[in-house]
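The numbers here are math on the coordinates, done by the rules we state, and not lab data. As the structure is a prediction and not an experimental result, all values here were calculated from the model. Cβ placement follows ideal geometry from the backbone for every residue including glycine, while neighbour counts extend to all protein chains displayed.
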């Protein structure tokens, strides 16, 4: 929001209507495979919306890619497309830890 009354800025991208965060893993010991994939829709400092993708071997820093969009719905569409692709390839949400067993 501008403090100067003459200038009006669109402030819609500054607030994401709903948090979109995802962390999934694909583990196959017989293939020595332990991968993660993370997605997050976040606002940028410049009023855009970004989709941040991170992936790699579990326990490593991995790689990261950022996609920029003019509005939240475009970012969410890619978020859902990538989610469907990863589910088809065997990625699943990390199982919650059972504290009573620890």
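Give the shape of the range 20-94 as rounded, prolate or oblate, defined through the alpha-carbon gyration tensor: a ≥ b ≥ c are the square roots of its eigenvalues, a/c under 1.5 means rounded, and otherwise the shape is prolate if a/b is larger than b/c and oblate if not.
Note, shape of the range 20-94 comes out prolate.
The relative contact order of the range 20-94, computed from alpha carbon pairs under 8 Å that lie at least 6 residues apart in sequence, is 30 percent.
Here residue 81 and residue 31 are evaluated by their C-beta separation; at R0 = 22 Å the FRET efficiency comes out at 0.30. Relative protection proxy for 28-34, 49-55, 87-93, 68-74, from highest mean packing down: 49-55, 68-74, 87-93, 28-34 (other beta-carbon atoms within 10 angstrom). Remark: the residue 23-residue 94 segment gains 24.8 nm on full extension, using 0.36 nm per residue and subtracting the alpha carbon distance.
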